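Report on one structure; see the data block that follows.
Just so it is clear, none of the values below were taken in a lab; they were calculated from the coordinates. Being a predicted model, the structure only gives us computed values, none of them experimental. FYI the Cβ positions are ideal-geometry reconstructions off the backbone, even for glycines, and counts take in every protein chain you see.
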Amino acid sequence: MRAERCVLRVHGRSATGEASVLREGYAEISPTGNDEAFGGHQWLYFPEQEYGDARRIIVAAIDSAGCERVVLNGFSNGAAFVAKLFCRGETFAGRLVGVVIDDPVPDAAVLACKPAPRIRAALYWTGALDDVGIDCAEIDFTCEGGRLIGVDAYADALGVTIQPSAFDEHQWYRDADELEAWLEVGRAS
């Protein structure tokens, strides 16, 4: 499947990728994470070698679909990885227009955040994961830095305002307005 505009879905821990789908005006691409976890997969984005492996999966998905405008939509563990990509200044050769970070594991991956100019970011939050200072190993979370930093510190590091999710439970908000708006779906190429 090839499409100029793409939403790249980055699943949470214990999930897996899905078949690509052509929507009205864009492709939805869902690759599988780089590490097995709980009968599915996760995105392991630290240490550096794992980050590189996970990033290569995203690049391959973008390249294989021919995407020219991309919005990353990550959930939970995938959202934490998407946030790290954003904070590392990733643009995917100028193709990234924004990231939607949905109910992330609020970890240290965003500290010292230096996003690339003109890349947009949105943070959606259900409140289900906010345990500031909790040791990630104790709650069996994958998180960089070993402890949760809390959503307020996370949002501050990202430079964004926390937006309430459409859900109260830890569930993926797959219809965030930014996805189509940032891709300019409905506008001529």
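Please work out how much length the chain gains when fully extended from Ala181 to Ile139, using 0.36 nm per residue of separation minus the C-alpha to C-alpha distance, in nm with one decimal.
Computed gain between Ala181 and Ile139 is 11.5 nm.
Provide the FRET efficiency to the nearest 0.05 for the Arg2-Gln171 pair, computing r from the beta carbons and using R0 = 22 Å.
Plugging the Cβ-Cβ distance into 1/(1 + (r/R0)^6) gives 0.10.
Zone of Arg120 (label point 7 Å along Cα→Cβ, backbone N under 14 Å): which residues in region 55-97?
The answer is 69-73, 96-97.
Which residues in region 98-124 have a backbone N closer than 20 Å to a point placed 7 Å from the Cα of Thr91 along the Cα-to-Cβ line?
98-100, 113-122
Given charges of +1 on the Cβ of Lys and Arg and -1 on the Cβ of Asp and Glu, with all other atoms neutral, how large is the dipole of the chain about its Cα centre, in debye to the nearest 20?
900 debye
Tell me the relative contact order for region 132-189 as a rounded percent, counting alpha carbon contacts under 8 Å between residues six or more apart.
With pairs under 8 Å counted, the relative contact order is 20 percent.
According to the square roots a ≥ b ≥ c of the eigenvalues of the Cα gyration tensor, what is the shape class of region 43-148, taking rounded for a/c under 1.5, prolate for a/b larger than b/c otherwise, and oblate for the remainder?
In terms of gyration-tensor shape, prolate.
When only C-alpha pairs under 8 Å and at least 6 residues apart count, what is the relative contact order of the chain, in percent?
Dividing the mean separation by the residue count of the chain yields 19 percent.
Nothing charged except the Cβ atoms of Lys and Arg (+1) and of Asp and Glu (-1): what's the magnitude of the dipole of region 1-93 about its Cα centre? Round to the nearest 20 debye.
Computed about the Cα centre, the dipole is about 200 debye.
Neighbouring Cβ atoms within 10 Å as the yardstick, rank Lys114, Lys84 fewest first.
With the fewest neighbours first, Lys114, Lys84 line up as Lys114, Lys84.
Compute the acute angle (0 to 90°) between the alpha-carbon long axis of helix 48-65 and the principal axis of greatest extent of the alpha-carbon atoms of the chain; round to the nearest 10°.
20 degrees
Which listed residue (Phe92, Val132, Val10) has the Cα farthest towards the positive end of the charge dipole for region 1-148, taking +1 on Lys and Arg C-beta and -1 on Asp and Glu C-beta about the Cα centre?
Phe92
Determine the shape class of region 5-182: with a ≥ b ≥ c the square roots of the Cα gyration tensor eigenvalues, call it rounded for a/c under 1.5, and otherwise prolate if a/b is greater than b/c, oblate otherwise.
Taking the square roots of the gyration eigenvalues as a ≥ b ≥ c, region 5-182 is rounded.
Gain in length, Asp156 to Val21, computed as 0.36 nm per residue apart minus the alpha-carbon separation, to one decimal in nm?
Additional length available on full extension: 45.2 nm.
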